[in-house]
Amino acid sequence: MLKNFVPPDLFPAMPEIFLVLMACVILLVDAFLGRTQRWITAALTMVALVGCALITYQTMDGQVVLTFSNMFVDDLLADLLKLMLYLSVIVALIYSRDYLVARQLDKGEYYVLVLFATVGMMVMISASHFLTIYLGLELLSLSLYALVAIDRDSPRATEAAMKYFVLGALASGLLLYGMSMVYGATGTLEIGGVAQALHLGVANKTVLVFGLVFIVSGIAFKLGAVPFHMWVPDVYQGAPTPITLLIASAPKLAAFAIAMRMLVYGLFELAEHWQTMLMILAVLSIALGNLAAIAQTNIKRMLAYSTISHMGFMLLALMSGVVGEDKHFALNAYSSAMYYIVAYVIMSLGAFGMILLLSRAGYEAEHLDDFKGLNQRSPWFAAVMLAIMFSMAGVPFFVGFFAKFSVLLAAIDAGHIAVAVFAVMFSLIGAFYYLRVVKLMYFDAPVDNAPIQASLDMRFLLSLNGAAVALLGIFPDTLISLCTFALMRSL
Amino acid sequence: MSSLLSLAIWIPILGALVVFSAGNDKKLARWAALAVAIAGFLVTLPLYFNFDVTQAGMQFVEQRPWIPRFNIEYFLGVDGISMLFILLNSFITIIVIIAAWEVIQDKVAQYMGAFLIMSGLMNGIFSSLDAVLFYVFFEASLIPMYIIIGIWGGPSRVYAAFKFFLYTLLGSLLMLIALIWLFLQSGGSFNLLEWHQLRIDLAPQILLFLAFLVAFAVKVPMWPVHTWLPDAHVEAPTGGSVVLAAIMLKLGAYGFLRFSLPIAPDASQYLAPMMITLSLIAVIYIGFVALVQADMKKLIAYSSISHMGFVTLGFFIFNPLGVEGALVQMISHGFISAAMFLCVGVMYDRMHSRQIADYGGVVNTMPKFAGFMVLFAMANAGLPATSGFVGEFMVILGAVKYNFWIGFLAATTLILGAAYTLWMVKRVIFGAVANSHVAELTDINSREFLFLALLAFCVLAMGLYPYPFTDVMHASVDNLLKHVAVSKL
């Protein structure tokens, strides 16, 4: 037996291996550090992530490479999403640092858990096997459950973690059940194999569609699409803001990746079935997300509902890939979805970054009123938030506009004009609550006149984030083309 | 030479960033803003002087790829229809900045910067020949206006700012769907000039027309989607009202000429009776509404709606007199409404009231000002020898040619317009000094004299000798009407 053993090609999984090793090293090193030396942990975490980025960048060659008996894939889609992932985790870590230090939450576990969550997301992004997806998902989810509860004295955070855990476990169960159906129908869990079986028509479609329902539900839960959104507002509000920042950004990239891997790469032949399901999810998410956000007074909760509506928009693109038997819409649709998700992550990082900026020791800037009169306290950061809010509302010249534009283009191209009209009407309603934030910042007098305290690196990065929201709106082509190119080479 | 349009757009916008950096230094902010505005105006002058009046097509064209992924181009150009608006806009920006000189004391740099950004964006709207570029400028211009109304506005500024933003966004979002649909129909192009040649069936043409109608009717505004305008005008600071009335309202009307008529000519003809009816309602009904207003700004706001009704009427009677008259009316209204709002602003700065009832006998204490105010009021009422007369007369002539009764109804504006404007002037300017506040008024200073005199000059010059204005329009308007007359079915 051992004679036939061929060691897998480890090369495509280098970033993951490197990060796991680094996480272990950091775990060990941190055990010997005192509170005042915690910056070493933080610095090592940065080094690990930057190292990962370098490895991924250096090995990016546009080839589709499978390894570990076809369980793991390294393609351009994975590389790009991973680069974006590192970036968003790095940004999240820098934004969070002051907040965590002020609350003595910058424990070693925090950094290690963030790194393991990152590994989980990387595995999800590179999965080419249903079990690999599940593995990555669980690694991510378990790390996140623990992170939400990291402030163990906060009852709200504990409650949020419980809720997240119970509902998350349920969703994982659903996903796993769906996968078992797929296995039953096709006899394989390899994504390429499933696609092959479907293509040859040897699989039992009834069983597959039955399984598909569970798979879509699982994905919808991870994205936070209605009606699987219940956890989103509670977790966003309950978790410490840095953790909310983390949950609201990078995992959406990973969730997008598994949606692509399972639905598009694996179950493409069933597109007409899952597209209908996605349409229901999209319409409900856009409607409920935008309506419920209006009623919120807590900005984290408001952004949670806003996220729900953004995910609805992204699904709008994902459901527009195939019309009847015609598949030439696919590239347009999926690249729009990817562009949307990347744009969303950039905006989301900035929005939660602003909340962290306004929070300080002993004070949580969680309420919308905390943004009152920001223009008088700091015109520059008010402008950054203005850009982010208008971008989320889909007003040009900001990146959010072109994200919405490309999604609408894909949807209308696929003939979903009514859905597109519905979506823009609800984004009109959505514009109201983004405008309200701008109103609070610009039209109202400040209630809190404390000067904004933040470290220089955070100020710089947040400014850069705001500038990115504007510049990617003025010169949107690079990012759109990059997304298109990645999918063209990987589809 | 061919980057003139880009300069007209980006000098004010980039200049605004410089003005913002002035921060709390009010003096620096004012002078920097004035310098930027004047530079912005100077670069637009060659557009007029080097304009080839014999050519109907686009001039000063700039075309380069912007978003190749969707075949979106940075495509600029002007013809006889759009060129004058760029000049008007850049000119009004200077006036607005001078008018705000001492009046605005709060966040001066942001105020000036917002107006400069808006000026650049509006130039972008008037010169875009790519639909997405147009849309981007069109929607982005809402942001500075929202901020202007919200920060420097009156007591219910927040309500007015939201109403303004959401109302106009509603219109433009439907237009976005229409633009994307046209992109797919045309085989992947956002080029407006190509869209003008696109053949479309009547049913989709009507839907397209309606989608554009929502966007542009809100902006014009046409009855019954005009209700945001009085609120926005009353609450906006003087400069905001000036830009709204003088330029922003023109965007809607301009949209009809650039999108609705040439892209959906059959639908335009088909729906012309509806458009004419809506226009006449605006002219007559809103004229009556204006008559009963107690607030001067509101009165002028309604008067603007009524005058814009004339513009849309002129477009949909499809003859050169009508369309050119409407264009002249748009320019003239740009000067007159700006002047009227500035006059109200001058009085408001002294009395902090816009109620007609609080005034009376202003001529006794502010004779120079009264002279200007009466002149502009006469122009607003369409007195011959002022710019207000030329446009209205041309549209009425065109309307009579089209159908006598439509012309007849349109002509009632001469009576209504005179009634509400002159009645207001009578109550505000003439008569005995009404109260001690009026008695203490001081006449306009040299700064106020300057911007009122500049506008008075424009109003009179255009009224006495409109040829330089109409001359540049002829070729483009004729071409447009010829184009609209040919069915695209």
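The values are calculated or read from the model by the stated rules, or taken from the named source; none is laboratory data. Note that this is a predicted model, so its numbers are computed, not measured. Here the Cβ is made from the backbone with ideal geometry for all residues, glycine too, and neighbour counts use every protein chain on show. Accessible surface is based on the protein model in full, side chains and every heavy atom, while ligands, DNA and RNA are left aside. Shrake-Rupley method; radii C 1.70, N 1.55, O 1.52, S 1.80 Å.
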Checklist line | Unit charges on C-beta of K, R, D, E only; dipole of chain B, Debye | finding: 440
Notebook entry, point to check: What aspartates and glutamates could a cross-link reach from A:LYS252, if we take a straight Cα to Cα line under 16 Å and drop same-chain neighbours fewer than 8 places away?
Noted result: A:ASP79, A:GLU138
Check: So how strong a dipole does the protein assembly as shown carry about its Cα centre when Lys and Arg Cβ are +1 and Asp and Glu Cβ are -1, to the nearest 20 debye?
Finding: 1100
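Could you check how much of the accessible area of the protein assembly as shown is carbon and sulfur, as a whole percent, using a 1.4 Å probe?
Reported share for carbon and sulfur atoms: 69 percent.
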Next item on the list: Please report, to two decimal places, log10 I(q)/I(0) for the stretch A:58-194 at q = 0.10, 0.13, 0.19 Å⁻¹ as given by the Debye formula with identical point scatterers on the Cα atoms and no solvent.
Entry: -0.43, -0.68, -1.14
Check: Ignoring ligands, DNA and RNA, how much accessible area is buried between chains B and A, both sides summed, with a 1.4 Å probe, to the nearest 100 Å²?
Finding: 3500
Check: So if we plug the beta-carbon distance of A:VAL207 and B:GLN185 into 1/(1 + (r/R0)^6) with R0 = 45 Å, what FRET efficiency do we get, rounded to 0.05?
Finding: 0.60
Next item on the list: Two decimals is fine: what is log10 I(q)/I(0) at q = 0.13 Å⁻¹ for chain B, from a Debye sum with one equal scatterer on every Cα and no solvent?
Entry: -1.22
Next item on the list: Over 20 Å between C-alpha atoms is what I'm after, so list which of A:LYS372/A:LYS439; A:LYS222/A:LYS327; A:LYS82/A:LYS107; B:LYS401/B:LYS482 land there.
Entry: A:LYS222/A:LYS327; A:LYS82/A:LYS107
Note to self: Around B:PHE162, under 14 Å between beta carbons, what's the net of Lys plus Arg minus Asp minus Glu among the other residues?
What the structure shows: +1
Check: Can you tell me the Rg and Dmax of chain A, counting just the alpha carbons, in angstroms?
Finding: 21.7, 76
Checklist line | Residues of the stretch B:382-406 with amide N under 18 Å of the 7 Å Cα→Cβ point at B:ILE281 | finding: B:406
Next item on the list: May I ask for log10 I(q)/I(0) of the stretch B:199-335 at q = 0.14, 0.17 Å⁻¹, from a Debye sum over the Cα atoms as equal point scatterers with solvent left out?
Entry: -0.59, -0.85
Check: Given the protein chains as shown and a 1.4 Å probe, how many square angstrom of A:GLU269 are accessible, to the nearest 10?
Finding: 60
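Hey, can you find the accessible area per residue of the protein assembly as shown for me, probe 1.4 Å, expressed in square angstrom?
33
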Checklist line | Area projected by the alpha carbon convex hull of the stretch B:14-152, averaged over all directions, nm² | finding: 8.9
Note to self: Let me check I've understood the local charge: for A:ALA343, count other residues with C-beta under 13 angstrom from its C-beta, Lys and Arg +1, Asp and Glu -1. What total comes out?
What the structure shows: +2
Item checked: Cα-derived Rg to Rh of the protein assembly as shown, Kirkwood definition -> 1.02
Margin query: How many angstrom lie between the Cα centre of the stretch B:144-205 and the Cα centre of the stretch B:5-54?
Written below: 26
Note to self: Please enumerate, by chain and number, the lysines with C-alpha under 20 Å from the C-alpha of B:LYS426, excluding those fewer than 8 residues away in the same chain.
What the structure shows: B:LYS297, B:LYS298, B:LYS368
Next item on the list: Just tell me which aspartates and glutamates come within less than 14 Å, Cα to Cα, of B:LYS488; anything on the same chain fewer than 8 places away is out.
Entry: B:GLU194, B:ASP201, B:ASP266
Check: For the stretch B:359-489, what is the convex hull (Cα atoms) projected area averaged across all directions, in square nanometres?
Finding: 10.9
Notebook entry, point to check: Can you pull out the chymotrypsin sites (Phe, Trp or Tyr not before Pro) in the stretch A:262-312 that DSSP calls coil and that have at most 12 other Cβ atoms within 10 Å?
Noted result: none
Next item on the list: Please name which of B:PHE372, A:PHE390, A:ASN204 has its Cα lying farthest along the dipole of the protein assembly as shown towards the positive end, using unit charges on Cβ (Lys, Arg +1; Asp, Glu -1) and the Cα centre as origin.
Entry: B:PHE372
Next item on the list: Take the eigenvalues of the Cα gyration tensor for the stretch A:88-169, scale each by 5, and report the square roots as semi-axes in whole Å, largest first.
Entry: 24, 17, 8
Next item on the list: Could you work out the local net charge near A:LYS372, counting Lys and Arg as +1, Asp and Glu as -1, over the other residues with Cβ closer than 13 Å to its Cβ?
Entry: -1
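Hey, what D do you get for the stretch B:69-143 in µm²/s if you plug the Kirkwood alpha-carbon radius into Stokes-Einstein at 25 °C and 0.890 mPa s?
It diffuses with D of about 181 µm²/s by this estimate.
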Check: Residues of the stretch B:49-87 losing 30 Å² or more of accessible area relative to the isolated chain, 1.4 Å probe, heavy atoms only?
Finding: B:TRP66, B:ILE67, B:ARG69, B:PHE70
Margin query: Once you order the gyration tensor axes a ≥ b ≥ c over the Cα atoms, which shape class does the stretch A:1-73 get: rounded for a/c under 1.5, otherwise prolate or oblate by comparing a/b with b/c?
Written below: oblate
Next item on the list: With r as the distance between the Cβ atoms of B:LEU42 and B:ALA485 and R0 = 41 Å, compute the FRET efficiency 1/(1 + (r/R0)^6) and round to 0.05.
Entry: 0.55
Notebook entry, point to check: Using the Kyte-Doolittle scale, which helices in chain A average at least 0.0 and also have C-alpha atoms spread 24 Å or more along the helix axis, with helices defined as whole DSSP H runs?
Noted result: A:14-31, A:38-58, A:76-102, A:108-125, A:130-148, A:155-186, A:205-223, A:271-294, A:299-318, A:330-358, A:417-443, A:456-474
Notebook entry, point to check: Add -39500 (n - 2.57) for each DSSP H run of 4 or more in chain A, then divide by its residues: what number comes out at 222 nm, to the nearest 500 deg cm²/dmol?
Noted result: -24500 deg cm²/dmol
Checklist line | Cβ charges +1 (Lys, Arg) and -1 (Asp, Glu), total dipole of the stretch B:1-144, debye | finding: 360
